[in-house]
1. Working with all protein chains in place, sort 13, 75, 471 by solvent-accessible area computed with a 1.4 Å probe, largest first.
2. So what is the accessible area of the range 13-144 per residue, in Å², with the probe set to 1.4 Å?
3. Work through the residues other than residue 459 whose Cβ is under 15 Å from its Cβ and net out their charges, Lys, Arg +1 and Asp, Glu -1.
4. Whose amide H sits under 5 Å from the amide H of residue 176, counting only residues 5 or more places off or on another chain, with H placed in the peptide plane?
5. Can you pull the accessible area of residue 10 for me, 1.4 Å probe, Å² to the nearest 10?
6. Can you list residues whose amide H is under 5 Å from residue 91's amide H, if they're 5+ apart or on another chain and H is modeled 1.01 Å from N?
7. Using protein chains only and a probe of 1.4 angstrom, how many square angstrom of residue 131 are accessible, to the nearest 10?
8. Using a 1.4 Å probe and ignoring any ligands, DNA or RNA, find the accessible area of residue 406 and quote it in Å² to the nearest 10.
Amino acid sequence: MPSAQKPMRYGHTEGHTDVCFDDTGSCIVTCGSDGDVRIWENLDDDDPKSINVGEKAYSCALKNGRLITAASNNTVQIHTFPEGAPDGILTRFTMNANHVVFNTDGTKIAAGSSDFMVKVVEVTDSSKQKTFRGHDAPVLSLSFDPRDVYLTCVTNWLLLQKCNDVINAKSICRLGWQPGSGKLLAIPVDKVVKLYRRETWDNKFDLSDTSITQPLNVVAWSPCGQYLVAGSVDGSIVVWKVETQECIERTKHEKNYSICGLAWHPKYRQIAYTDTEGNLGLLEDIGDGKKTNDKVASTAAKDYNDLFDGDDDDYLNGDAIEPPSSPTPGANEDHGDDDDLMPTASHQRRAILDDDDNSLDIGMIKANSNLLAKDDDDDDQTGGFPALPASSTQQHFYDGPLPTPRQKPFQSGSTPAHLMHRFMVWNSVGIIRCYNDEQDNAIDIEFHDTSVHHATHLPNSLNHTMADLSTEAILLACESTEELASKLHCIHFSSWDTNKEWTVDMPKDEDIEAICLGQGWAACATSALLVRLFTVGGVQKEIFSLPGPVVAMAGHGEQLMVIYHRGTGFDGDQCLGVQLIELGKKKKQVLHGDPLSLTKKSYLTWVGFSAEGTPCYVDSEGIVRMLNRRLGDTWIPVCNTKEHCKGKSDHYWVVGIHENPQQLRCIPCKGARFPPTLPRPAVAILPFTLPYCQVTTEKGQMEEQYWRSIVFHNYVDYLSKNGYEVDENATSQSVKEQQELLMKLFALSCKLEREFRCVELADLMTQNVVNLAIKYASRSRRLNLAQRLSEMAVEKASELATALEEEEEEEDFRNHRNVSSNKKDPLVPSASVLDNMSKYSKKTSSSSRAVNKQSPPVIKPLIPKPKSKQVMFLVFSCCFRTTGFQMWLEENRASILTDNPGLNEAEVIKEGMSRFRVLSSEERMAWTEKAKGRAANDLTEDKKRKRPTATEDEEKKNQEQKAEDSNLSKKPKTSGQSTNARLSAFAFKQS
């Protein structure tokens, strides 16, 4: 199957670059023309360890924890690995050292130089060395015979042209012996690879391919000896299966740069390669991709639970992308006597159980392997990665999904903790930098707005590694040591007293892993799966447990968001959960550990809140997601930062999100995932775009703009419900923009003769915009559409009036409760309360009885289509004849039409509602009581009940009392009270 080519990484400056793996394949080592040797934990390592070995480094080799480099300062140096500490100089030349290689067991090295000499040196004793002279050109390439019998070098064979420097060579001709038996020697010559037999030194056969159009530069054997890869000066990379001379892989450098370094992974189907521009690349899934045979596959499912034993779940598959804070391949390998599980990098992964420390026994390979045997029995491993000899114990294979190593905790807006100069946090309030070098160990705090607080310089004697910053305080935390406990340190700079700092020690064996600040509170998550809450002044508050290890936390106002591991992910996917808690007076949990959506094979890189308080997060693939409270607290992707990156290895480092205006504030990072502290990074602003379909069309663009406006103004409802002040102008402007977009979509649908779609769009419009849509449909001669929209307008007006009536009743109920609670009668206080309650209940029952008798039971009347505006008004009159607003509108209709001539009935109702809301609560209550009194009068006049003869005298008395009351006062309140009294008398008489 085709190999997977990962995007190349910038590693060194322009020039010759070499590459190799360590013994276990957990690290990639490169050297280049900048004189640095870099140790990469994986291809996505944004901060590889660097060792300077000279002005230029031409070659590097690594074995048994010793790193050998050939540099332009005429020396061959040795460093410890992975520490990178200098361990002396093995040998010197009079000119540049061009190439250096280890022998099979790592006890000797061979180095070739531009002074025509080759030296073989004992690694443990550099005084024991041999010098080989007689070459008539610079030595470009060396290779040890696996049996330590021969040492081959390339200078000016008849196969190659002479050159005086490795830089100027047309081909550096990196040759190689076949691992194990050493039967074949592969030499790149022009456009073919010549293979020479060990015993006779004759040319057994050549390997070539039609895709090779330029001379080959370098070759490398797979650890099993069955495959050979070659790279050309025009960027072609070709892999052959040597036994069949079949080309199984062909790929091309993404920019056609010359390939100058190739290295096979010691266990997986991976090839690391470098070019003459200093870039590092990785090929995965090399091989024919066939599955293991049935005998091997039958043992794969023997014990699935073995996958989770010990530290096996800490392995990282080859093609998974991990953050700098996440586990790295081989970092937690088991060095005991038990077998280790080793995942391959191909999509069909295999786990192989080796007998030693995840490394191949070269002696066993040499003694037992027959790499070019023609007979393939069923017990051989197809694909040959790695080629192990037959052993007495059955080798076990696992072909299922592998668990993903858990992402380690991190602070949003921070760079890796191992850096000497790093950002501890960068958010919308300010920046906290940490400097930890030989000269100083300190923390610098800078505020974006200096009116909040001045810049501060703090000593970092406790070695704080975590920080957060708000407009109230600075929160710092450090890990525990053998002597000291993990500490939480807070600087409450906004406090009015003189003691502004406090520190809390965590219990023994409990480390702080994440911290955050909110409005008046601080929180920390610990290794004991606990979240501890504090006031900003240092008072301990609630503690709650997490279902899994914390990944990150964020706070804003009264909101706390916690991201944690809710389970084990597979195939490179993280399994994360999110909790969102409101810590105000009414504490509640909004998100109850819901799964966190991440892009496939990605991890979390940033979590926080927008400036307006909406939860957001970003994954390693550059997808920014925001909580959509309008749609049941779901997550919606609002931006893809990768679309704005120029190169594949470029990223954007998010520092803040704003909803109004819509801005994603981030820092562009070229060839890295995070920025350096110096020079000061420049903040870029990216736009938001929802991933809607067909955004290149006019319809798709307007739909995306409309729903983006809806999503980015959800915070208005949230803030208003929680008692925050909201900018009414910004809100009205957003509504205006949304309605304009709906009207444009309506017009577009009319042109496309999509009338049903027009009705769907009108359902999203406000009352005034629906009236505009009716006019547009009428002028477009779409009478059927206009008729349907007219019905919709009537329905919307009915709903609006109903909502207003409910609001009035609720306000009346509150007012009555306030009046009853404020009345003070020291003699009979309980009677006063009961009287008020009874009066209110009687009024309500009488008015509702009148409505039930005189109006339809359905709020939205099912009536024939209205023919005119007068009919529309009758509908409203029938539905709401007894409301105070209706009575007020009848008396003030003339003044409204005088002030606003030309208004239709719906617009008159809208204007009347606006004016009615301006009235004081007492005036509105008076109109409501007046309407209820009128309804009661109509009820007694039109629907009189027959009473027994015995009550006629009492009825006359009630009518006389009513006449007297009406003469004294014309207020509707008195009318209502007389009606209640009459009904009460009737009820008592009946009983």
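The values are calculated or read from the model by the stated rules, or taken from the named source; none is laboratory data. Please read all numbers here as calculations on a predicted model, not as lab measurements. Note that we place each Cβ from the backbone using ideal geometry, even for glycine, and neighbour counts take in every protein chain shown. Accessible surface areas use protein heavy atoms only, side chains included; no ligands, DNA or RNA. Shrake-Rupley method; radii C 1.70, N 1.55, O 1.52, S 1.80 Å.
1. Accessible-area ranking of 13, 75, 471, largest first: 471, 13, 75.
2. That works out to 35 Å² for each residue.
3. In short, -2.
4. Correct list: 186.
5. The value for residue 10 is about 120 Å².
6. Here 76 satisfy the definition.
7. Its accessible surface works out to 60 Å², give or take rounding.
8. 110
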